[in-house]
1. In the stretch 106-129, is there at least one residue being surrounded by 18 or more Cβ atoms within 10 Å (Cβ to Cβ) and either among the basic types (Lys, Arg) or at pLDDT below 95 (or both)?
2. Whether any residue in the stretch 15-30 is among the small types (Gly, Ala, Ser), surrounded by fewer than 16 Cβ atoms within 10 Å (Cβ to Cβ) and in contact with a strand residue (DSSP E or B) (Cβ under 9 Å, 6 or more places away or on another chain) is what I want to check.
3. Out of Arg76, Arg57, Arg12, I need the residue that is out of contact with any Cys (no Cβ under 9 Å at 6 or more places or on another chain), basic (Lys, Arg) and free of Cβ contacts under 8 Å to residues at least 60 places away in the same chain. Which one?
4. Within the stretch 230-253, track down each residue that is without any contact (Cβ under 8 Å) to a residue 24 or more places away in the chain, assigned to a helix (DSSP H, G or I) and either over 19 Å from Leu109 (Cβ atoms) or not assigned by TED's automatic domain parsing to the domain that holds Gly124 (or both).
5. When the stretch 125-143 is examined, which residues are found to be of a type in the set (Gly, Ala, Ser) and closer than 9 Å to Ser39 by Cα?
6. In this structure, does Glu269 turn out to be at pLDDT 95 or above, in a helix (DSSP H, G or I) and under 21 Å from Gly158 (Cβ atoms)?
7. Taking the stretch 36-70, which residues are in a loop (DSSP other than H, G, I, E, B) and under 24 Å from Val267 (Cβ atoms)?
8. Given the conditions (1) hydroxyl-bearing (Ser, Thr, Tyr); (2) modelled with pLDDT under 95; (3) within 13 Å of the chain's Cα centre (by Cα), and given that Thr139 satisfies all but one, which numbered condition is not satisfied?
Amino acid sequence: MARELQTARLARKICISEPAQCYHFDFVLEDLDSFPFASGQFISAVASDPRGKQQTRAYSIASAANANRFELCVNRVPEGFFSNHLADLTDLPPGGTIQVHGPHGHFVLRQPITDSIFVATGTGIAPMRGFTQWLFPETGPDAGLDRSEGKEIWLVYGTRHESELYYREEFEALAARRPNFHYLPTLSRGDESWKGLRGYVQDHVARIVEERAARLGQTLPAPPPDPTLLPAELKFDIYAYICGLNNMVAGVREKLTSYGWHRKQIVFERYD
């Protein structure tokens with residue numbers, strides 16, 4: 001069945017990392033009064049390539065729901081049609097339009113909100129930005145609301161270089177305002193001037209899990225859930241949400257399962 005396409009007008013385009021050629025986009029769906037979606041979902045963009053073949057690409061929404069607007073975070077891929085179509089001013093200037101359908105996907109926060117570890121690399125930060133905007137809204141009618149209900153929220157963000165820490169200022173400012181939000185960027189190839197964390201995200205996720213368990217008096221590995229419970233009845237006191245390339249996702253999942261975490265505690269989305 002054909003998807004209903006909507007026309008999205010580009011309101012703003014910013015290159016947020018010149019070395020990585022990463023772009024932030026603000027779009028408006030002018031034919032709609034509102035565009036409701038759950039933070040973490042994605043849209044599919046549709047366009048015809050130079051050969052006239054229709055191309056479709058899925059992009060995680062890099063914002064929380066906001067009237068009829070949505071935002072994207074996209075890296076330009078050297079030979080990629082769609083990322084270049086979006087990034088090039090000649091193809092998509094401010095005021096230009098693209099066709100999209102959605103929202104789609106199940107990479108969303110589980111309810112009720114629990115302590116949560118967000119783990120991202122690269123543009124996998126996009127849905128995490130949507131999560132934090134929903135948990136801690138700063139604009140609109142819900143500005144100032146704390147949907148985290150005081151739960152501990154960690155964002156572990158791994159990149160190679162400091163120039164690839166997308167939305168760094170936003171997350172640092174949020175961590176300064178909200179004591180239960182912890183922003184943990186880590187670099188695998190940081191230069192000597194970098195004073196923050198180094199190494200891979202799974203190592204820092206492991207430290208969070210171990211320190212939290214010790215603080216709460218919990219043993220690791222965790223005991224398995226009651227086998228008499230139906231899958232829909234399983235509830236956990238902490239979840240991990242992982243978004244990035246397959247190797248990273250697999251590494252974090254393997255680390256968490258070694259602690260006895262149930263597969264339903266580990267919510268992930270891969271984009272390769």
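1. yes
2. Within the stretch 15-30, the first condition is being among the small types (Gly, Ala, Ser), and the residues that meet it are 17, 20.
Filter once more, so that each one left must be surrounded by fewer than 16 Cβ atoms within 10 Å (Cβ to Cβ): none.
Looking through the stretch 15-30, none of the residues is among the small types (Gly, Ala, Ser), surrounded by fewer than 16 Cβ atoms within 10 Å (Cβ to Cβ) and in contact with a strand residue (DSSP E or B) (Cβ under 9 Å, 6 or more places away or on another chain).
3. Being out of contact with any Cys (no Cβ under 9 Å at 6 or more places or on another chain), basic (Lys, Arg) and free of Cβ contacts under 8 Å to residues at least 60 places away in the same chain holds for just one of Arg76, Arg57, Arg12, which is Arg57.
4. Matches in the stretch 230-253: Asn247, Ala250.
5. If we filter the stretch 125-143 for residues that are of a type in the set (Gly, Ala, Ser), which is where we start, we get 126, 130, 140, 143.
Scanning the stretch 125-143 gives a single hit, Gly130.
6. Numbers: at pLDDT 95 or above: yes; in a helix (DSSP H, G or I): no; under 21 Å from Gly158 (Cβ atoms): yes.
No; evaluated as a whole, the condition is false for this residue.
7. Answer for the stretch 36-70, where residues must be in a loop (DSSP other than H, G, I, E, B) and under 24 Å from Val267 (Cβ atoms): Pro36, Phe37, Ala38, Ser39, Gly40, Gln41, Ala62, Ser63, Ala64, Ala65.
8. Every condition holds for Thr139 apart from (3).
The values are calculated or read from the model by the stated rules, or taken from the named source; none is laboratory data. Note that this is a predicted model, so its numbers are computed, not measured. All Cβ positions, even for glycine, are placed from backbone atoms using ideal geometry, and neighbour counts span all protein chains on display.
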